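Here's the structure, in structure tokens; my notes come after.
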Amino acid sequence: MLLKEYRICMPFSVEEYRIGQLYMIARHSAEESKGEGDGVEVVVNEPCQDEQHGDGRYTEKRIYLTSRLPGWVQSMIPRVFYITEKAWNYYPVTITEYTCSFLPKFLIQIDSTYINDNGKTHNYCSLATRTETARTQQEYRHRGPAQPLC
């Protein structure tokens, strides 16, 4: 297992980011769904609940990519190639899993937490000491004046 932590400090609040994120996800899905046989298919979009995180939203999407691959790759994979994205959004916590239609053991899981603290909270994810020392940590900071969201 590979464990990486990214801290991205942004020039706006968590609530402002949430509004922008929802808008950009909807816009990107619409823009990517215009091609023949490619795009984003929403399979499930329903409310969900978790004991730890409370009320949220579960979405499952299929992202079809076949025509975006080079010809030599297309010849080696099934005709219908897609990535499945399963997301549990308990904002400000989100859990996202990506799987591949023809590689059953392939899995990427991304746990995201959005906090208003300028990236200074130590061990925000409450990792065990052994796990905490094994992770790779990178921090990104916004430089310059804040830019409008749109």
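The values are calculated or read from the model by the stated rules, or taken from the named source; none is laboratory data. Since the model is a prediction, treat every value here as computed from it, not as a measurement. With ideal geometry, Cβ positions are generated from the backbone for all residues, glycine too; neighbour counts draw on all protein chains shown. Calculation scope for accessible area: heavy atoms of the full protein, side chains included, ligands and nucleic acids excluded. Shrake-Rupley method; radii C 1.70, N 1.55, O 1.52, S 1.80 Å.
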**OP:** Identify all residues within the range 5-38 that are at pLDDT 80 or above, surrounded by 15 or more Cβ atoms within 10 Å (Cβ to Cβ) and either over 17 Å from the mean Cα position of the chain (by Cα) or small (Gly, Ala, Ser) (or both); write none if there are none.
**Re:** PHE12
Original post:
Does any residue of the range 70-81 turn out to be at pLDDT below 80, of a type in the set (S, T, N, Q), open to solvent by less than 60 Å² (accessible area, probe 1.4 Å) and not in a strand (DSSP E or B)?
Top reply: no
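Conditions (1) part of a helix (DSSP H, G or I); (2) of a type in the set (Asp, Glu); (3) in contact with a Cys (Cβ under 6 Å, 6 or more places away or on another chain), marked per residue:
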site	(1), (2), (3)
TYR23	yes, no, no
HIS28	yes, no, no
GLU41	no, yes, no
GLU46	no, yes, no
GLN49	no, no, no
ARG57	no, no, no
Original post:
In the range 39-66, which residue that is at pLDDT 90 or above and of a type in the set (Asp, Glu) is surrounded by the most Cβ atoms within 10 Å (Cβ to Cβ)?
Top reply: GLU60
Subject >> All positions within the range 90-119 that are more than 20 Å from GLU5 (Cβ to Cβ) and either in a strand (DSSP E or B) or hydrophobic (A, V, I, L, M, F, W, C) (or both) >> reply: THR99, CYS100, PHE102, LEU103, PRO104, LYS105, PHE106
**OP:** Residue by residue through the range 82-114, note down the ones that are open to solvent by less than 50 Å² (accessible area, probe 1.4 Å), farther than 16 Å from VAL42 by Cβ, of a type in the set (A, V, I, L, M, F, W, C) and without any contact (Cβ under 8 Å) to a residue 40 or more places away in the chain.
**Re:** ILE95, CYS100
